[in-house]
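Following: one structure in structure tokens, then a few remarks.
The values are calculated or read from the model by the stated rules, or taken from the named source; none is laboratory data. Worth saying up front: this structure is predicted, and the values here are computed from it rather than measured. Neighbour counts run over all protein chains shown; Cβ positions are idealised from the backbone, glycine included.
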Ligand code: AMP
Ligand code: ZN
């Protein structure tokens, strides 16, 4: 059996992963709030969990894993977008979910087993909240239900902070209906023009944190194996999930291993919608950055380190992948996934380590191993291959020959120089022979640019 080690935020240690049940390994990743396109930073946790999922599949078998990732489809940001645009909420959330799934697939991520929508679990959230009230962990005031943090002695354990620290450090909302400023909302009243559900406390809607506790409980049980998300979710979101879950089910420990990825940054600051320093995954794909290249850039840095995105990383990734895909065109023997690749990835998802190993395989000509190891990380797959398809240069070569002949005859080199500079810009070398011209892709070859040239001259 493969020995997997994971850094557990809860214990602040790298620990050997032992599932509760090898035939039912359960993981939960906090998913997106669906009101807008995902930005690049939002994909880091998905890629981290996707790699983990692939490793668990390799270890325990695909039928023995249950991977849940939710959609938060009830939220003030969604309500505001609906009010501003006049579009029904369900249109906005359904469209955003469709975009999200397309974008995540474009980056080579496998779909989780279950992708529940929060609004499909309102009755479960209501009974969860009733349980907390009954147990004396929550109270009602002015149509709100609040969780009382002082009734849970381990509050702050995950993020390693005391309640006093948290009050001082966080911008907690002080409100007349709260007994302690750290208490958080489980349920709140909804105005008539906002989504709402009937409940024992009047028409209202859930707070954010309760959805994950309720869905994880319904779909994975009171105890499960791995929970995760970005490290910005440690506090308050995950801290609050733990508090709710351990109070509602005191004999349970909720999630046993917590994985948190560091942030994608722009100039040293977290990429975020609110700072405005973001670009969406779709922007990048539309600008011609292939999904496989984006994935490779993420895999090159360990999930626990801050990282940034820049064009030179993307170009380097593109060249490596092009070279590797070129190697796969040789005849080679299919081999099983090398043990050493599994071993490296099992050390707290050391994706960068596996990439170094792939470089070794490539330079030693071990192409079967290169393919198997790369597929393990979700790269060099058939699904992500379209950006690197072979291009037929013959129409451009014909045009080049033609324009060159005319230029020599007329002594006017304007047109041929224009084509030559477009080709240089697209990463194509021009090799002029005695009787023909060969156009050969070089390391900065750019298929999109070549397509533009082909369109420009009407050769398609
Ligand atoms: P949100 O839709 O804002 O709730 O965020 C969805 C997920 O994206 C959460 O797991 C966040 O931790 C994560 N996230 C947001 N911004 C970044 C970032 N700049 N880098 C990495 N993860 C992020
Ligand atoms: Zn969550």
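Taken across the stretch 281-292, residues that are in contact with a strand residue (DSSP E or B) (Cβ under 9 Å, 6 or more places away or on another chain), at pLDDT 95 or above, more than 30 Å from residue 139 (Cα to Cα) and crowded, with 18+ Cβ neighbours inside 10 Å do occur, with at least one present. Within the stretch 430-449, restricting attention to residues that are in contact with a strand residue (DSSP E or B) (Cβ under 7 Å, 6 or more places away or on another chain) and buried (at least 16 other Cβ atoms within 10 Å of the Cβ), the residue that is nearest to residue 318 (Cα to Cα) is 445. If the condition is being assigned to a loop (DSSP other than H, G, I, E, B) and either under 17 Å from residue 344 (Cα atoms) or at pLDDT 95 or above (or both), then the stretch 355-381 contributes 366, 377, 378, 379, 380, 381.
The requirement of being crowded, with 20+ Cβ neighbours inside 10 Å and touching a strand residue (DSSP E or B) at 6+ places or on another chain (Cβ under 8 Å) is not satisfied by residue 64.
Scanning the stretch 415-429 for residues that are buried (at least 17 other Cβ atoms within 10 Å of the Cβ), within 26 Å of residue 317 (Cβ to Cβ) and at pLDDT 85 or above turns up 422, 423, 426, 428.
Per the conditions (1) surrounded by fewer than 21 Cβ atoms within 10 Å (Cβ to Cβ); (2) more than 12 Å from ligand 1 (Cβ to nearest atom); (3) in a loop (DSSP other than H, G, I, E, B), the sole criterion not satisfied by residue 82 is (3). Considering each residue of the stretch 330-351 in turn, none proves to be outside the structural domain of residue 49 (by TED's automatic domain parsing), within 25 Å of the chain's Cα centre (by Cα) and modelled with pLDDT under 95. Filtering 303, 289, 257 for residues that are under 21 Å from the mean Cα position of the chain (by Cα) and within 18 Å of residue 381 (Cα to Cα) leaves a single hit, 289. Against the list (1) touching a strand residue (DSSP E or B) at 6+ places or on another chain (Cβ under 9 Å); (2) over 18 Å from residue 11 (Cα atoms), the condition residue 241 fails is (2). The test for being farther than 30 Å from residue 186 by Cβ and outside any helix (DSSP H, G or I) does not hold for residue 68.
For the stretch 209-225, state whether one or more residues are away from ligand 2 (no atom under 15 Å from the Cβ), assigned to a loop (DSSP other than H, G, I, E, B), outside the structural domain of residue 451 (by TED's automatic domain parsing) and at positive phi. Scanning the stretch 209-225, I find at least one residue that is away from ligand 2 (no atom under 15 Å from the Cβ), assigned to a loop (DSSP other than H, G, I, E, B), outside the structural domain of residue 451 (by TED's automatic domain parsing) and at positive phi, so the answer is yes. Applying a threshold of 8 Å to beta carbon distances and a minimum spacing of six or more residues, or different chains, the list of pairs starting in the stretch 329-356 at a residue that is free of Cβ contacts under 8 Å to residues at least 12 places away in the same chain and ending at one that is assigned to a helix (DSSP H, G or I) and surrounded by 14 or more Cβ atoms within 10 Å (Cβ to Cβ) reads 353/344; 353/345. Taking the criterion of being under 23 Å from residue 80 (Cβ atoms), more than 21 Å from the chain's Cα centre (by Cα) and free of Cβ contacts under 8 Å to residues at least 40 places away in the same chain, the residues of the stretch 190-241 that qualify are 190, 191, 192, 196, 203, 207. Of everything in the stretch 234-270 that is crowded, with 21+ Cβ neighbours inside 10 Å and within 9 Å of ligand 1 (Cβ to nearest atom), the residue that is farthest from residue 49 (Cα to Cα) is 264. Within the bounds of the stretch 100-113, is there any residue that is on the phi > 0 side of the Ramachandran plot and either under 18 Å from the mean Cα position of the chain (by Cα) or surrounded by 14 or more Cβ atoms within 10 Å (Cβ to Cβ) (or both)? Taking every residue of the stretch 100-113 in turn, at least one turns out to be on the phi > 0 side of the Ramachandran plot and either under 18 Å from the mean Cα position of the chain (by Cα) or surrounded by 14 or more Cβ atoms within 10 Å (Cβ to Cβ) (or both). Among the numbered conditions (1) under 30 Å from residue 275 (Cβ atoms); (2) in contact with a helix residue (DSSP H, G or I) (Cβ under 8 Å, 6 or more places away or on another chain); (3) not in a strand (DSSP E or B), the only one that residue 22 does not meet is (1). Here residue 247 meets the list (1) within 16 Å of ligand 2 (Cβ to nearest atom); (2) more than 19 Å from residue 100 (Cβ to Cβ) almost entirely, failing just condition (1). When residue 97 is tested against the conditions (1) buried (at least 17 other Cβ atoms within 10 Å of the Cβ); (2) without any contact (Cβ under 8 Å) to a residue 24 or more places away in the chain; (3) within 29 Å of residue 301 (Cα to Cα), the lone failure is (2).
Rundown of residues vs (1) more than 17 Å from residue 351 (Cβ to Cβ); (2) within 16 Å of ligand 2 (Cβ to nearest atom); (3) in contact (Cβ under 8 Å) with a residue 40 or more places away in the chain; (4) assigned by TED's automatic domain parsing to the domain that holds residue 207, yes/no style:
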site	(1), (2), (3), (4)
14	no, no, yes, yes
34	yes, yes, yes, yes
60	yes, no, yes, yes
69	yes, yes, yes, yes
82	yes, no, no, yes
102	yes, no, no, yes
